[in-house]
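Have a look at the structure below before the remarks.
The values are calculated or read from the model by the stated rules, or taken from the named source; none is laboratory data. In this text, all values refer to a predicted model and were calculated from it rather than measured experimentally. Cβ placement follows ideal geometry from the backbone for every residue including glycine, while neighbour counts extend to all protein chains displayed.
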Amino acid sequence: MSGSATPLPETGTAWPELRDQMVERGAGDAKWRDGRTAVYVFNAGPDVEAVQKEAYTLYMSENGLGPAAFPSLAQMEAEVVGMGLSLLHGPDGSVGNITSGGTDSITMAVKAARDHWRSEHPDDARPLNVVAPRSAHPAFDKACSLMDLELRRIAVRSDHLADVAGMEAAIDDATIMLIGSAPSFPYGLIDPIDELGEAAAATGTWLHVDACVGGYIAPFVRMNGAPVPPFDFEIPAVTSMSADLHKYGYCAKGASTVLFRTDAHRQAMVFDFDTWPGGRMITPTLAGTRPGGAISAAWAVMNHLGVEGYRAKHGQVTDARQRIEEGVPALGFEVLGRPLLGIVAFSHPDLDVYAVYRQMYRRGWIAALTTEPPALHLMLSPFHATVVDEYLADLGGACEAVRGGDTTTMGEARYS
Ligand SMILES: *Cc1c(COP(=O)(O)O)cnc(C)c1O
């Protein structure tokens, strides 16, 4: 549903009327606040939502493009990045920036790796490549397509984790980046970043850890006592990381962090240009204008929650995940691997999980699916801890309906 030409109204409409219209338009959207949506939205509760909103509007008109004009935003960005680095074992000298989202962070990390490689191989014009597990996010394909890089996706192991030996075999002397996910989106499982680190060190390759969905939950889940393996700058070969504030950082949308081990690595990301009539323009990320609200809301939410707040919210997420992991085997499902964070996927040996998905959709549950293998996929929020029993009861009903031959289509399934 992309737009086509529509005339702008000749005369304007008063805001209260427009507001009513907008609220009305949302009536058919996923009712995520009631806890039945486990994709797209992170529901940390009304307290966090209120902080996001007010902090966003305080700096909504300001522009992070102008640090000299808005030192407040520059300082908030530096503090948010600093908190990210300290959570992810950034060593002395590590640096980063806020971007508009995971895709932006990933694109800029790939750009930095490419330009860094080129600066070390100034006379080498060969086509370059990137090596990733098959489970890596499509943002890498988008970045590689933009930059004419070849993305080599290597099949994952039977435990759904990156096959490091296979990836190492795909590295050649035109490989600019090796990728691991912490965790991967489809499986919610953390790749063996330590082994990837060994492969990266042995071949002198830039290692990027995509912690878009894990970076702001995994450190707290570890503090809460779960055996989260090393996945961040703690591993010396990790060169850069992406970690989304607008996912498990519970910040307003439009905010992620891209982090680098050294400023020399980050400098390869920055675009510094002055050969036009407008003077020198330095942009660290893909954006020109950078919405101040996304930065200020991130700063406010992180300071509002603090370590205690995040540990408590993420404890609710992992509690919900554990109870789902414990509940679904009774219905015959098999959880893929051993998830530790907020994503869980489960397949079924003899039921069509896509038919189960449609049944669940009809019951008002909006989630995701995986294809290798076919599985139901949940990305959980703190609020889900309150609806697990309801979810499992509905899942039982959905399985029974599918066993009974009910093949609801998505067309018939109506969110109500
Ligand atoms: C969400 C996600 C991305 C992309 O982030 P956006 O903010 O949606 O652009 C990249 N990698 C992983 C693992 C993700 O979960």
* Before we move on, is residue 343 in contact with a Pro (Cβ under 7 Å, 6 or more places away or on another chain), crowded, with 17+ Cβ neighbours inside 10 Å and under 30 Å from residue 224 (Cα atoms)? -> yes
* **Criterion (more than 16 Å from the ligand (Cβ to nearest atom) and without any contact (Cβ under 8 Å) to a residue 60 or more places away in the chain) met by exactly one of 22, 60, 83** => 22
* From the options 290, 280, residue that is closer than 25 Å to residue 62 by Cα, out of contact with any helix residue (DSSP H, G or I) (no Cβ under 7 Å at 6 or more places or on another chain) and surrounded by 23 or more Cβ atoms within 10 Å (Cβ to Cβ) -> 290
* Asked: For region 202-256, what are the residues that are within 22 Å of residue 295 (Cα to Cα) and β-branched (Val, Ile, Thr)?
  -> 213, 217
* To do: Only residues in region 386-408 that are part of a helix (DSSP H, G or I) count as the first member; pair them with residues that are charged (D, E, K, R), Cβ under 7 angstrom, at least 6 apart or cross-chain, and list the lot.
  => 388/323; 394/363; 398/363; 402/352
* To do: Among the numbered conditions (1) at pLDDT 95 or above; (2) surrounded by fewer than 16 Cβ atoms within 10 Å (Cβ to Cβ), tell me where residue 125 comes up short.
  => (1)
* To do: Report yes if some residue within region 108-131 is aromatic (Phe, Trp, Tyr), within 20 Å of residue 299 (Cβ to Cβ) and away from the ligand (no atom under 16 Å from the Cβ); otherwise report no.
  => no
* Asked: Could you say whether any residue in region 132-140 is of a type in the set (A, V, I, L, M), over 29 Å from residue 334 (Cα atoms) and either within 16 Å of the ligand (Cβ to nearest atom) or modelled with pLDDT of 95 or more (or both)?
  -> no
* How many residues does region 324-340 hold that are surrounded by fewer than 17 Cβ atoms within 10 Å (Cβ to Cβ) and either closer than 22 Å to residue 386 by Cβ or touching a strand residue (DSSP E or B) at 6+ places or on another chain (Cβ under 8 Å) (or both)? -> 6
* Could you check residue 295 against (1) in a loop (DSSP other than H, G, I, E, B); (2) touching a strand residue (DSSP E or B) at 6+ places or on another chain (Cβ under 6 Å); (3) of a type outside the set (Phe, Trp, Tyr) and say which number it fails? => (1)
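Being within 15 Å of residue 238 (Cα to Cα) and not β-branched (Val, Ile, Thr) narrows it down to one residue among 101, 96; which is it? Walk me through it before giving the result.
Details: 101 fails: within 15 Å of residue 238 (Cα to Cα).
Matching residue, one of 101, 96: 96.
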* To do: Evaluate the following for residue 97: is it surrounded by 12 or more Cβ atoms within 10 Å (Cβ to Cβ) and within 19 Å of the chain's Cα centre (by Cα)?
  => yes
